[in-house]
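As structure tokens, the structure follows; a few thoughts come after it.
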Amino acid sequence: METVRRSSPGALPLLSVVVPALNERRALAALIGSLEAQVGAGPLELILADGGSVDGTVERFRDLTGGWRDGDRRARVVPVGRAGRALQMNAGAAAAAGDILIFLHADTELPGGGLASVRRALDDARVVGGGFRHRFREPGTLLRLVSLWATIRSRLTGIHYGDQALFVRRAVFERLRGFPEVDLFEDLRFSRRLRRAGRVVTLRLAASTSARRFLRGGVLRTACGMAWLRTRHLFGTTSGRLRGRYPDVR
């Protein structure tokens, strides 16, 4: 994986947010709004790693970030030859200029102060990366329970999934050779390797993500189905075989 640039000595390190997207035009305004609302974020680069959207995602992204031309904030699109979340995130990271990488799903928003919180966590040299607490934007008791379990799991195991805005030091990401380019559970596999590289933290703040997959498939049924897929993956079923049981939801 190619290494590019470094921040100037004494300056806050550049933070690169990589968003893998495929036909996510409707989700971009909320995501970008959550980044524009950050206080104390320091220099920020936003990269849309687009997997071939045909719904105007790229055009919408450029419209929404058209004013990002000052010295502390910039945005750009990285076209990726084919869709695949791991492939797109790796391509975005390779093109990124930051010392800190955050991988943010298009339907996920960062909380106020989220970027500053990432910086504070990485002030500790022992910390190699981590993620946010989990929260769904939509209301519902079952959804709150799913989020609670996701947060507890992360704190106990050091495993963070993509909808928790996983962050990592760039040098560590490169040493681990990025996300494994598999069809499913690339975030799980990367998280397992990351926790072996050093200390992993779950921040006190929560990233807010869409419950659209759970609402479409039924909360309990979807939660159980995802747990079953992870169990099968743990016991050796390939991600390619499992991918058909995990349909895309937009």
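The values are calculated or read from the model by the stated rules, or taken from the named source; none is laboratory data. All figures in this text were calculated on a predicted structure; none of them were measured in a lab. Virtual Cβ from ideal backbone geometry, glycine too; neighbours counted across all protein chains shown. Just the protein is used for accessible areas: all its heavy atoms, side chains included, with ligands, DNA and RNA removed. Shrake-Rupley method; radii C 1.70, N 1.55, O 1.52, S 1.80 Å.
Yes or no: Arg133 open to solvent by 20 Å² or more (accessible area, probe 1.4 Å) and modelled with pLDDT under 95? Spell out how you get there, then give the answer.
Working: open to solvent by 20 Å² or more (accessible area, probe 1.4 Å): yes; modelled with pLDDT under 95: no.
Judged against the criteria, Arg133 is not a match.
Evaluated against (1) in contact (Cβ under 8 Å) with a residue 60 or more places away in the chain; (2) touching a Pro at 6+ places or on another chain (Cβ under 8 Å), Arg189 falls short on exactly one condition, (1). Tallying residues that are under 14 Å from the mean Cα position of the chain (by Cα) and open to solvent by 10 Å² or more (accessible area, probe 1.4 Å) within the range 164-178 yields 1. Residues in the range 96-148 that are of a type in the set (Val, Ile, Thr) and free of Cβ contacts under 8 Å to residues at least 40 places away in the same chain: Thr141 alone. In the range 22-45 there is at least one residue that is under 13 Å from the mean Cα position of the chain (by Cα), crowded, with 18+ Cβ neighbours inside 10 Å and within 24 Å of Phe190 (Cα to Cα).
Any idea which of Ala121, Ala150 is at pLDDT below 95, over 13 Å from the mean Cα position of the chain (by Cα), open to solvent by less than 40 Å² (accessible area, probe 1.4 Å) and of a type in the set (Gly, Ala, Ser)?
Of Ala121, Ala150, the one residue that is at pLDDT below 95, over 13 Å from the mean Cα position of the chain (by Cα), open to solvent by less than 40 Å² (accessible area, probe 1.4 Å) and of a type in the set (Gly, Ala, Ser) is Ala150.
Could you tell me whether the range 80-101 includes any residue that is of a type in the set (Asp, Glu) and surrounded by 16 or more Cβ atoms within 10 Å (Cβ to Cβ)? Among the residues of the range 80-101, at least one is of a type in the set (Asp, Glu) and surrounded by 16 or more Cβ atoms within 10 Å (Cβ to Cβ), which makes the answer yes. Could you please find all residues in the range 61-73 being farther than 22 Å from Leu166 by Cβ and either open to solvent by 50 Å² or more (accessible area, probe 1.4 Å) or in contact (Cβ under 8 Å) with a residue 40 or more places away in the chain (or both)? Arg62, Asp63, Gly67, Arg69, Asp70, Gly71, Asp72, listed by residue number.
Reported count of residues in the range 32-54, each being farther than 26 Å from Ala11 by Cβ and not hydroxyl-bearing (Ser, Thr, Tyr), is 5.
Every listed requirement among (1) of a type in the set (Val, Ile, Thr); (2) touching a Gly at 6+ places or on another chain (Cβ under 8 Å); (3) open to solvent by 10 Å² or more (accessible area, probe 1.4 Å) is met by Val58 save one, (2). In this structure, does Leu220 turn out to be touching a Leu at 6+ places or on another chain (Cβ under 7 Å), touching a residue at least 12 places away in the same chain (Cβ under 8 Å) and either on the phi < 0 side of the Ramachandran plot or crowded, with 21+ Cβ neighbours inside 10 Å (or both)? Answer is yes for this residue. Selection over the range 146-197 of residues that are of a type in the set (Gly, Ala, Ser) and farther than 24 Å from Phe136 by Cα gives a count of 3. The criterion of at least 1 residues that are in contact with a helix residue (DSSP H, G or I) (Cβ under 7 Å, 6 or more places away or on another chain), farther than 20 Å from Glu181 by Cα and among the β-branched types (Val, Ile, Thr) is met, among helices (runs of 4 or more DSSP H) falling completely within the range 23-127, by 28-36, 57-64. The set of residues in the range 190-227 that are under 14 Å from the mean Cα position of the chain (by Cα) and assigned to a helix (DSSP H, G or I) comprises Phe190, Ser191.
Close Cβ contacts (under 7 Å, 6 or more residues apart or on different chains) running from residues in the range 160-176 that are under 12 Å from Thr202 (Cα atoms) to residues that are surrounded by fewer than 20 Cβ atoms within 10 Å (Cβ to Cβ) comprise Tyr161/Leu188.
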